[in-house]
Amino acid sequence: MVELYGKTLSRRQVSERSGMLSQFAGVRLMTLGDGVERGIRMLEFRTGSGLRFTALVDRALDIADCDFKGQAIGWHSPSGFRHPGLHEYEGEEGLAWARSFSGLLLTCGLDHILFMNEVPADSYNYPPKKTVRHSLHGRISTIPARLTGYGETWDGDRCVLWAEGIVQQSTVFGEDLHLLRRIEADVGGNEIRLSDRVVNHGFSRTPHMYFYHINVSHPVLDEGSRYLAPIRDVVWAGHAGERYEAQKVGYRTVPAPQLGFKEQVWQHELGANGAGEVLVAVVNDRLGLGLEVVTRKDQLPCAYEWQNFQAGHYALGIEPSTHHVLGNLAARERGEMIWLEHGESRSYNAVFRVLDGTGDIAAAESRIAAIARQPQQDYPPPSGNFPVLGGRSR
């Protein structure tokens with residue numbers, strides 16, 4: 001059954017009340033037409049509950065806009081949703097990724113995440129190519145997808161909005177990795193479901209790294225908003241040491257926008273529930289609005305928290321990852337790199353759930369606390385204990 005406007009309706013009853021489902025909900029393909037966005041194909045999803053979000057076909061089918069009942073959830077940075085044809089992957093000594101950094105979700109990978117590294121290229125068997133130079137967070141987020149389908153599907157009295165596509169990160173004498181992505185949302189629902197599979201389409205043994213850069217914005221993010229997570233250990237903080245408390249911003253509570261704020265990044269060791277799920281949320285108690293992100297511990301065992309509270313850039317990142325914040329070279333040295341042979345793949349699932357009202361927020365907080373109670377102090381000492389990860393393909 002479909003929940004719409006306070007009523008539970010069958011498929012027939014929905015049809016009786018409209019000429020087309022698009023009156024209430026649907027998926028619509030459009031093309032952006034101006035500025036740095038010009039030429040980007042975009043899918044707009046409307047569930048009928050007040051949830052609206054867009055997926056940029058020409059940017060890895062990443063999620064750009066996201067709002068609920070007119071309240072923004074997904075972040076819009078000053079860079080805008082830049083057309084991939086304007087992107088320079090190796091520009092600014094590897095930091096040009098920031099010129100295409102905007103939206104609720106940016107996918108990072110497929111063979112590299114985190115800061116710049118130069119790594120051996122011996123697995124590609126091409127003598128002139130001795131190394132591969134990686135820029136910040138990899139190439140995938142600015143590669144256009146091949147859109148393989150979208151629309152709505154009825155299963156009895158349940159209706160699912162969906163889109164699918166394939167994003168190919170491929171080169172001669174290098175990686176040939178394909179991301180197969182499916183996005184779903186129920187008509188009448190408040191959540192987005194993401195199902196990804198990364199496949200080595202090539203015949204060279206290829207490294208694989210992956211994480212979701214999920215960026216929450218104002219008004220969910222505001223002074224007093226809270227970060228909720230089942231933290232068993234605070235592993236690392238990029239600002240640890242003398243700078244740890246210098247900005248007077250801990251990991252738990254969000255300040256108002258700041259002038260001169262330097263980004264803070266934490267890695268937390270998170271627990272999972274009995275189903276193997278990891279739950280993290282950002283909530284605004286004043287508004288009764290939040291976002292809960294659900295991933296799987298066996299797929300994305302590591303978790304970062306990104307704080308960018310600089311005025312004009314105001315955002316908080318929930319970042320589940322395949323690897324520690326130590327980076328590409330460290331993953332190789334520790335024996336934790338994921339290596340994919342031809343035809344091997346890794347699958348990833350994520351749910352983005354809007355928390356609508358104090359009841360939803362309380363339920364999410366209870367779910368998270370039932371797994372592990374996060375530290376009550378704002379500046380828990382980082383342990384430096386990076387758990388051993390399994391690097392084999394599966």
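The values are calculated or read from the model by the stated rules, or taken from the named source; none is laboratory data. All values derive from a computational prediction rather than experimental measurement. Counting neighbours? That spans all protein chains shown, and the Cβs are built from the backbone with ideal geometry, glycine included. Heads up: the accessible areas ignore ligands, DNA and RNA and are worked out on the full protein's heavy atoms, side chains in. Shrake-Rupley method; radii C 1.70, N 1.55, O 1.52, S 1.80 Å.
Could you give every pair whose Cβ atoms fall below 6 Å, whose first residue belongs to the range 188-202 and is among the basic types (K, R), and whose second residue is open to solvent by less than 40 Å² (accessible area, probe 1.4 Å), counting only separations of at least 6 or pairs across chains?
Close Cβ pairs satisfying both conditions: R193/V351; R197/S345.
Can you name the condition, by its number, that L326 falls short on among (1) of a type in the set (A, V, I, L, M); (2) more than 21 Å from S195 (Cα to Cα); (3) over 16 Å from the mean Cα position of the chain (by Cα); (4) crowded, with 21+ Cβ neighbours inside 10 Å?
(4)
List, please: which pairs have Cβ atoms under 8 Å, are six or more places apart or on different chains, and start with a residue in the range 81-99 that is touching a residue at least 24 places away in the same chain (Cβ under 8 Å) and closer than 23 Å to I63 by Cβ and end with one that is among the basic types (K, R) and open to solvent by 30 Å² or more (accessible area, probe 1.4 Å)?
R82/R99; H83/R38; H87/R99; Y89/R139
Does the range 90-104 hold any residues that are surrounded by 17 or more Cβ atoms within 10 Å (Cβ to Cβ) and out of contact with any strand residue (DSSP E or B) (no Cβ under 6 Å at 6 or more places or on another chain), and which are they? Steps first, please.
From the range 90-104, those surrounded by 17 or more Cβ atoms within 10 Å (Cβ to Cβ) are 94, 96-97, 99-104; that's our starting set.
Within the range 90-104, G94, A96, W97, R99, S100, F101, S102 meet the criteria.
How do the pairs read when you match residues in the range 329-344 that are more than 17 Å from F211 (Cα to Cα) with residues anywhere that are assigned to a loop (DSSP other than H, G, I, E, B), using Cβ under 7 Å and keeping only pairs 6 or more apart or on different chains?
Note: pairs meeting the criteria are G335/G391; E341/R205; E341/S393; H342/G202; H342/F203; E344/S393.
Select from the range 133-182 the residues that are assigned to a strand (DSSP E or B), within 26 Å of F101 (Cα to Cα) and β-branched (V, I, T) and list them in ascending order.
T148, I166, V167
Can you find, within the range 151-199, the residue that is surrounded by the fewest Cβ atoms within 10 Å (Cβ to Cβ) among those that are hydroxyl-bearing (S, T, Y) and more than 21 Å from the chain's Cα centre (by Cα)? Quick ask: steps written out before the conclusion?
Taking the range 151-199 first, the residues hydroxyl-bearing (S, T, Y) are 153, 170-171, 195.
Next, only the ones that are more than 21 Å from the chain's Cα centre (by Cα) stay: 153, 170-171.
Numbers: T153: 10, S170: 14, T171: 13.
Ranking the candidates gives T153 first.
Looking only at strands (runs of 3 or more DSSP E) that fall completely inside the range 1-96, which ones have 2 or more residues that are basic (K, R)? Quick ask: steps written out before the conclusion?
Details: elements: 2-4, 7-9, 26-31, 41-46, 51-56, 62-68.
Here the list reads 41-46.
Take the residues in the range 349-389 that are among the β-branched types (V, I, T) and outside any loop (DSSP other than H, G, I, E, B), then tell me which one is farthest from the chain's Cα centre (by Cα).
Just the residues of the range 349-389 that are among the β-branched types (V, I, T), to begin with: 351, 354, 358, 361, 368, 371, 388.
Filter once more, so that each one left must be outside any loop (DSSP other than H, G, I, E, B): 351, 354, 358, 361, 368, 371.
Details: V351: 10, V354: 15, T358: 25, I361: 21, I368: 19, I371: 22 Å.
Selected residue: T358.
From the list E269, E305, E292, exactly one residue is in a strand (DSSP E or B) and open to solvent by 10 Å² or more (accessible area, probe 1.4 Å). Which is it?
Numbers: E305 fails: open to solvent by 10 Å² or more (accessible area, probe 1.4 Å); E292 fails: open to solvent by 10 Å² or more (accessible area, probe 1.4 Å).
Going through E269, E305, E292 in turn, just one is in a strand (DSSP E or B) and open to solvent by 10 Å² or more (accessible area, probe 1.4 Å): E269.
Any residue at all in the range 228-250 that's open to solvent by 50 Å² or more (accessible area, probe 1.4 Å) and under 27 Å from R52 (Cα atoms)?
no
Please go through the range 207-223 and give me each residue that is among the hydroxyl-bearing types (S, T, Y) and within 30 Å of V132 (Cβ to Cβ), ordered by number.
If we filter the range 207-223 for residues that are among the hydroxyl-bearing types (S, T, Y), which is where we start, we get 210, 212, 217.
Those that are among the hydroxyl-bearing types (S, T, Y) and within 30 Å of V132 (Cβ to Cβ): Y210, Y212.
In the set L110, L114, which member is touching a Cys at 6+ places or on another chain (Cβ under 9 Å), in a loop (DSSP other than H, G, I, E, B), of a type in the set (A, V, I, L, M, F, W, C) and touching a residue at least 24 places away in the same chain (Cβ under 8 Å)? First the steps, then the outcome.
Numbers: L110 fails: touching a Cys at 6+ places or on another chain (Cβ under 9 Å).
Residue meeting the stated conditions: L114.
Any residue at all in the range 122-132 that's crowded, with 16+ Cβ neighbours inside 10 Å, touching a residue at least 60 places away in the same chain (Cβ under 8 Å) and part of a strand (DSSP E or B)? Steps first, please.
As a first pass, look at the range 122-132 and keep what is crowded, with 16+ Cβ neighbours inside 10 Å: 124, 132.
Remaining after also requiring touching a residue at least 60 places away in the same chain (Cβ under 8 Å): 124.
Remaining after also requiring part of a strand (DSSP E or B): none.
Checking the range 122-132: not a single residue is crowded, with 16+ Cβ neighbours inside 10 Å, touching a residue at least 60 places away in the same chain (Cβ under 8 Å) and part of a strand (DSSP E or B).
Which of the following residues is in contact with a Gly (Cβ under 9 Å, 6 or more places away or on another chain) and small (G, A, S): G19, G39?
Working: G19 fails: in contact with a Gly (Cβ under 9 Å, 6 or more places away or on another chain).
None of the others qualify; the one that does is G39.
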